[in-house]
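Input: one structure, supplied below.
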């Protein structure tokens with residue numbers, strides 16, 4: 001699977017905002033070329049919210065274990081929650097064994113945010129592509145429900 005295929009698929013989700021910083025933008029240089037996916041039907045980056053998924057194309061400080069500085073390597077990261085994390089990895093977010101975070105086409109705990117229910121896949125391929133797309137759809141739908149619930153709670157207060 002190519003990054004462009006994955007990005008196009010997610011961009012087709014209703015209400016998605018794909019924050020994709022570019023050179024010279026107001027975002028830090030380390031984020032240039034990466035993608036941060038939010039549910040934001042108004043087209044504005046939500047305040048006090050994290051993306052539900054990201055695509056990173058390089059190592060970040062403190063997150064070098066996937067060896068992403070090679071121009072042909074990239075990683076998709078998806079917030080799946082505790083139950084799905086355990087289903088996918090066989091471990092719990094708070095008690096998973098470190099592994100080879102540079103392995104490709106394998107679903108694994110995120111090397112930094114695994115304890116928060118995030119999974120990661122370096123260069124999704126034939127083994128993981130369908131699952132990754134399903135996880136992205138699920139994360140998007142989960143975030144949409146959270147946003148709608150919070151919006152409804154504010155209206156009824």
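In which sequence would 3, 55 go, from the one with the fewest C-beta neighbours within 10 Å to the one with the most?
Details: 3 16, 55 22.
By the 10 Å Cβ count, ascending, the order reads 3, 55.
Something else now. Sorting 113, 52 on the 10 Å Cβ count, fewest up front, what's the list?
Numbers: 113 17, 52 25.
Listed from fewest to most nearby Cβ atoms, that is 113, 52.
What FRET efficiency would be calculated for the residue pair residue 146, residue 83, taking the C-beta separation as r and a Förster radius of 22 Å, to the nearest 0.05?
After rounding, the FRET efficiency stands at 0.90.
How many angstrom lie between the Cα centre of the stretch 70-143 and the Cα centre of the stretch 28-65?
15
Can you compute the modelled spin-label distance between residue 94 and residue 27, with each label point 7 Å from Cα toward Cβ, in nm?
Reported label-point gap for residue 94 and residue 27 is 3.3 nm.
Still on this structure: Order by neighbour count: 108, 1, fewest other Cβ atoms within 10 Å first, most last.
Working: 108 22, 1 18.
Exposure proxy ranking, most exposed first: 1, 108.
Going by a ≥ b ≥ c, the root eigenvalues of the Cα gyration tensor, does the chain fall in the rounded group (a/c under 1.5), the prolate group (a/b larger than b/c) or the oblate group?
Oblate, because a/c is 1.5 or more while a/b does not exceed b/c.
Oh, and also: Along the Cα→Cβ direction, 7 angstrom out, place labels at residue 60 and residue 130. What is the inter-label distance in nm?
It works out to 3.1 nm between the two label points.
Let me ask you something else. Using a Gaussian network model on the chain with a 10 Å cutoff between Cα atoms, which of 77, 48, 67 fluctuates the most?
It is 48.
Calculate how many DSSP beta bridges within the stretch 1-128 are antiparallel, expressed in % of all such bridges and rounded to the nearest 5.
95
Add -39500 (n - 2.57) for each DSSP H run of 4 or more in the chain, then divide by its residues: what number comes out at 222 nm, to the nearest 500 deg cm²/dmol? Let's see the in-between values first.
On the way: 3 runs with 46 residues, N = 157.
Calculated from helices alone, the mean residue ellipticity at 222 nm is -9500 deg cm²/dmol.
Every read-out reported here was derived from the displayed coordinates using simple, explicitly stated rules and does not represent laboratory data. All of these numbers come straight from a predicted model, not from anything done at the bench. No Cβ is skipped: glycine too gets one built from the backbone with ideal geometry, and neighbour counts run over all protein chains shown.
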